[in-house]
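Values in this text are rule-based calculations from the coordinates and carry no lab data. From a predicted model like this one, the values you see are computed outputs, not experimental measurements. Here Cβ is always computed from backbone atoms with ideal geometry, including for glycine, and neighbour counts include all displayed protein chains.
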Amino acid sequence: MSTLRLEAVSRWYGNVVAVNDVTFDVGPGITGLLGPNGAGKTTLLHMMAGFLAPNAGTVRLDETPTWRHPDLYRSIGFVPEREAVYGFLTCRQFVHATARLHDVADPAAAASRAIAMVDLADAADRAIGGYSKGMRQRAKVAAALVHDPTVLILDEPFNGMDPRQRLHMMDLLRRMAAEGRTILFSSHILEEVERLSDRVLVVVAGRLAAAGDFRRIRRLMTDRPHSFTIRSTDDRALARELLVTPEIEAVELHDGVLTVRTGDYGALTRAVAPAAQRARASLLELRPTDESLESVFSYLVRR
């Protein structure tokens, strides 16, 4: 099992600061990297993959700096967002060449195995230039997997994939994470990150804005009220009881839907059951309506 560690990392291009004093760890499991365009995500990924030097701070895989230690490339698989593959090569030729560069013992067998993992065996001997964008993405993933790395870094890996291909790729990444690999991927599609990630990193303007489970991050946002939907056997009576609860900021009953807002997540969950008891109502559902990754991301980007 491997861990990527960034300590006080900065990277700038002339007068433009792309990454500003960022510190975090990425361990086994799946971590999603989020941020608006120009936030520094791709720069971070290139530094972690060892293709770019930090101007300040250190980027390490376990205890070894990723920059200028090419032996680490055998432990890292990297899928860049930008495409730089000769279109005349077949997928098999491309992945086989990558296996040879990594000095894999049996490059032909390794290439066939990696191509099968991304479900491209039927098209493996066609030129990549004739592939769809989603197929080209999968060919890049196969090349990143061919040497069986312990760390996988992917920049927008789902670009161009159809729904079936996305589900297949998500399942593949979950299986690899279950085997103890460290997987970090960036995506601009919040639903993908929410469904796939154990943990998220949110980068805004080159700085780390938040890290961890996005639900826990949402609950720490004490200056933004939490919204809940409640269903019970007597919503009107329950609404009356909740209105007199000090921790409740607002109660709305509209079209048969009871919505409650509070600044204290824990206080609401503690108050609902006693209120239902006083109202002589049975609780059927208590569901947060804004505890989503989209809610967290919007808050962090706009504040």
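Quick notes
- The phi torsions of the stretch 73-89, fed into the Karplus equation with coefficients 6.51, -1.76 and 1.60 and a -60° offset, translate into couplings of 4, 6, 9, 10, x, 10, 10, x, 5, 6, 8, 9, 10, 5, x, 7, 6 Hz, rounded to whole numbers, with Gly and Pro shown as x.
- Cleavage-rule hits (trypsin sites (Lys or Arg not before Pro)) in the stretch 46-116: DSSP loop, at most 14 neighbouring Cβ within 10 angstrom: ARG68, ARG82
- Here is the list for the stretch 150-200: GluC sites (Glu not before Pro) lying in DSSP coil, each with at most 15 other C-beta atoms within 10 angstrom of its C-beta, are GLU179.
- Residues in the stretch 161-189 that a label on GLU83 would reach, taking backbone N under 14 Å of a point 7 Å out along Cα→Cβ: 161-162
- The DSSP beta bridges internal to the chain are antiparallel in roughly 65% of cases.
- Calculated FRET efficiency, ARG164 to ASP62, Cβ-Cβ distance, R0 = 41 Å: about 0.65 to the nearest 0.05.
- With eigenvalues of the C-alpha gyration tensor scaled by 5 and rooted, the chain, Å: 45, 23, 16
- What you get for the chain, charging only the Cβ of Lys and Arg (+1) and of Asp and Glu (-1), is a dipole of about 160 debye around the Cα centre.
- Label-to-label distance for ARG100 and SER282 is 7.1 nm, based on points extended 7 Å past Cα in the beta-carbon direction.
- Full extension of the chain segment joining SER10 with ARG270 gains 89.2 nm, where the gain is 0.36 nm per residue of separation less the Cα-Cα distance.
- FRET efficiency, GLU179 to THR233 (Cβ-Cβ, R0 51 Å, nearest 0.05): 0.60
- Available extension along the chain between ALA127 and THR23 is 33.3 nm, counting 0.36 nm per residue and deducting the alpha carbon span.
- For the chain, averaging the sequence separation of C-alpha pairs within contact (under 8 Å, six or more residues apart) and dividing by the residue count gives a relative contact order of 19 percent.
- The ranking of LEU201, LEU44, LEU190 by Cβ neighbour count inside 10 Å, starting from the fewest, reads LEU190, LEU201, LEU44.
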